[in-house]
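A quick write-up on the structure given underneath.
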Amino acid sequence: AVNAVLIAWATSLDTQRFTGLARALGATPRQVTAGLSAAQLLPALGASLLGIPLGLAIYYAARTAAGAAGSILIPYARLPLVVPGTLLVVAALTALPIRMVCRRPVARVLAAE
């Protein structure tokens with residue numbers, strides 16, 4: 001979560017000029033927020049889709065290497081909820097800093113650089 005917030009904050013600061021330009025050309029703050037949030041969702045989707053099988057593989061490899069007896073039950077029925085849950089959290093964590101950047105007046109954003 002901390003990493004997602006920091007990446008979203010850095011992205012919102014890096015795209016401030018482009019955000020101001022898009023708003024000057026008629027984009028609403030909601031449209032800018034949706035666009036930049038969608039850009040953050042694509043890597044999050046790939047990470048969550050690859051993270052589940054890779055995480056299970058690493059878990060089983062570590063347990064095998066350690067010679068752990070017995071098994072810990074993994075809630076396989078809940079694993080499909082990880083992907084939409086990840087996307088919802090990333091969308092919420094990225095929308096807030098981008099929305100805060102969109103509150104600055106367009107003239108001030110474009111004149112800053």
Quiz item: Which one is farthest from residue 93 (Cα to Cα), of the residues in region 1-37 that are surrounded by 13 or more Cβ atoms within 10 Å (Cβ to Cβ) and hydroxyl-bearing (Ser, Thr, Tyr)?
Solution: 19
Self-check item: Long-range neighbours under 6 Å by Cβ, at least six apart or interchain, first residue under 27 Å from residue 46 (Cα atoms) within region 86-113, second at pLDDT below 80 and β-branched (Val, Ile, Thr)
Solution: 93/5
Practice problem: Please indicate, with yes or no, whether at least one residue in region 78-86 is touching a helix residue (DSSP H, G or I) at 6+ places or on another chain (Cβ under 9 Å) and either on the phi > 0 side of the Ramachandran plot or loosely packed, with under 11 Cβ neighbours inside 10 Å (or both). | Solution: yes
Practice problem: Could you list all residues from region 54-69 that are under 20 Å from residue 89 (Cβ atoms) and modelled with pLDDT of 90 or more? | Solution: 54
Self-check item: The lone exception for residue 91 - which of (1) open to solvent by 100 Å² or more (accessible area, probe 1.4 Å); (2) touching a helix residue (DSSP H, G or I) at 6+ places or on another chain (Cβ under 7 Å) it fails
Solution: (1)
Quiz item: Does at least one position in region 50-67 carry a residue that is in a loop (DSSP other than H, G, I, E, B) and free of Cβ contacts under 8 Å to residues at least 24 places away in the same chain?
Solution: yes
Quiz item: Any residue in region 83-99 that is charged (D, E, K, R) and under 17 Å from residue 7 (Cβ atoms)?
Solution: yes
Quiz prompt | Close pairs from region 1-24: first in contact (Cβ under 8 Å) with a residue 12 or more places away in the chain, partner open to solvent by 30 Å² or more (accessible area, probe 1.4 Å) and charged (D, E, K, R), Cβ under 8 Å, at least 6 apart | solution = 16/104; 17/113; 20/104
Exercise. Within region 38-49, work out how many residues are open to solvent by less than 50 Å² (accessible area, probe 1.4 Å), in contact (Cβ under 8 Å) with a residue 12 or more places away in the chain and of a type in the set (Gly, Ala, Ser).
Key: 2
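Against the definition (in a helix (DSSP H, G or I), of a type in the set (Lys, Arg) and modelled with pLDDT of 85 or more), how does residue 17 come out, yes or no? Please lay out each step first, then the result.
On the way: in a helix (DSSP H, G or I): yes; of a type in the set (Lys, Arg): yes; modelled with pLDDT of 85 or more: no.
Here the answer is no, as residue 17 does not meet what is asked.
The values are calculated or read from the model by the stated rules, or taken from the named source; none is laboratory data. From a predicted model like this one, the values you see are computed outputs, not experimental measurements. In this analysis, Cβ positions are derived from the backbone assuming ideal geometry, glycine residues included, and neighbour counts consider all displayed protein chains. Heads up: the accessible areas ignore ligands, DNA and RNA and are worked out on the full protein's heavy atoms, side chains in. Shrake-Rupley method; radii C 1.70, N 1.55, O 1.52, S 1.80 Å.
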